[in-house]
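Everything on this sheet refers to the single structure shown next.
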Amino acid sequence: METFVLLRALPEDVQAQVKTTFTCETHANGTVLHNYDSDEGRVYFLVSGTALAVNTSTQLRNVIFESLGAGDMFGELSALDSEPCPMDVVATSTCQVCSLSQRDFVTLVLKYEYAARDVMRGISAKVRRAYDRIESLCLLTAEQRVCEDLLNRAMSDPTNKSRARVFPVPTQQEIANTVGTTRQTVARVFGKLMRDKVIERRGQVLIFLDPERLQREAQSQKTT
């Protein structure tokens, strides 16, 4: 728990006290950890596992807002302004989640300056990522956004340090939901990149054969 944004700036004795007020649970893959219309006002901390913050309205196409991992926090916006959380959070693996009541969270933020600073930095980072996403949606074509998403997911290939890869390969629908397009568009872009030998799929591994070309595909010809 010491990696949580809220806790790491608190004195050790206060950290220990706060931990006694946490409610902790383990949830299976696919569990909705937090609903858009929930009125609980609790703040959640992901101890282990992964999750997605998504818009799951039946009237809109599903959109992935961000990926969450161990140490991330969600629900803090609702705790601060008492408005509904602007997203659902769904587990994408087995997750251990601890939560804190709205009252306890706000009390800590108001009482401890450094805790408030770190929480504000976390919120600022989310806002900046949202700005980047808006810029991408406004300036890049759907095809370019798919390429950009692949680059954002890239990591070093342990079998060849000079080469990048994506593992595990996300589903085409997951990429589509992340970049705001259709699965058919993602399939078309993948097909073109493979034919042009820019990427190559080997099971659950996507190898970048020509990362420079992929970079050009993602950034060139911005729309105005």
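Read-outs: derived from the displayed coordinates by stated rules, not from any lab. Small disclaimer: the values here were computed from a predicted structure and weren't measured. Please note: Cβ atoms are built from the backbone with ideal geometry, for glycine as well, and neighbour counts cover all protein chains shown.
So what is the calculated 222 nm ellipticity per residue for the chain, using -39500 (n - 2.57) for each DSSP H run with n of 4 or more, over all residues, to the nearest 500 deg cm²/dmol?
About -13000 deg cm²/dmol.
Once segment 96-167 is represented by equal point scatterers at the alpha-carbon sites, with solvent omitted, what log10 I(q)/I(0) does the Debye formula produce at q = 0.14, 0.21 Å⁻¹?
At q = 0.14, 0.21 Å⁻¹ the computed log10 ratios are -0.76, -0.92.
Please express the shape of segment 5-138 as an equivalent ellipsoid: the semi-axes are the square roots of 5 times the eigenvalues of the C-alpha gyration tensor, given largest first in whole angstrom.
Those come to 25, 18, 14 Å.
Grab the Cα-Cα distance for Thr107 and Tyr36, subtract it from 0.36 nm times how many residues apart they are, and report the gain in nm with one decimal.
Between Thr107 and Tyr36, full extension yields 23.2 nm more.
Starting with the highest mean, order 23-30, 203-210 by the number of other Cβ atoms within 10 Å, averaged over the residues of each peptide.
The most tightly packed comes first, giving 203-210, 23-30.
Explain nothing, just the number: relative contact order of the chain, from Cα pairs under 8 Å at least 6 residues apart, as a whole percent.
Taking the mean separation of contacting Cα pairs over the length of the chain, I get 20 percent.
First measure r as the distance between the Cβ atoms of Leu151 and Arg188, then evaluate 1/(1 + (r/R0)^6) with R0 = 22 Å and state the FRET efficiency to the nearest 0.05.
In this case the efficiency is close to 0.75.
Hey, with R₀ at 22 Å, roughly what FRET efficiency would Asp210 and Ala142 work out to, going by the Cβ-Cβ distance, to 0.05?
0.60
Please compute the contact order of segment 5-138 in relative form: average sequence separation of alpha-carbon pairs under 8 Å and at least six residues apart, divided by the residue count, as a percent.
Across segment 5-138, relative contact order equals 34 percent.
How big is the equivalent ellipsoid of the chain along its three axes, where each semi-axis is √(5λ) from the Cα gyration tensor, reported in whole Å from largest to smallest?
36, 19, 17
Starting from the 7 Å offset along Cα-to-Cβ, what nm value, one decimal, do you get for the label separation of Thr50 and Asp13?
4.2
Trypsin sites (Lys or Arg not before Pro) within segment 149-224: which are DSSP loop residues with at most 12 other Cβ atoms inside 10 Å?
Loop-located and lightly packed - Lys197, Lys222.
For segment 141-219, what does the convex hull of the Cα positions come to per residue, in cubic angstrom?
Taking only Cα atoms, segment 141-219 has a hull volume of 80 Å³ per residue.
Let me know the volume per residue of the alpha-carbon convex hull for segment 5-49, in Å³.
In segment 5-49, the Cα hull volume divided by residue count equals 99 Å³.
Restricting attention to the chain, give the cysteines that have no other cysteine Cβ less than 4.7 angstrom from their Cβ.
Cys85, Cys95, Cys138, Cys147
When only C-alpha pairs under 8 Å and at least 6 residues apart count, what is the relative contact order of segment 141-219, in percent?
Computed over segment 141-219, the figure is 38 percent.
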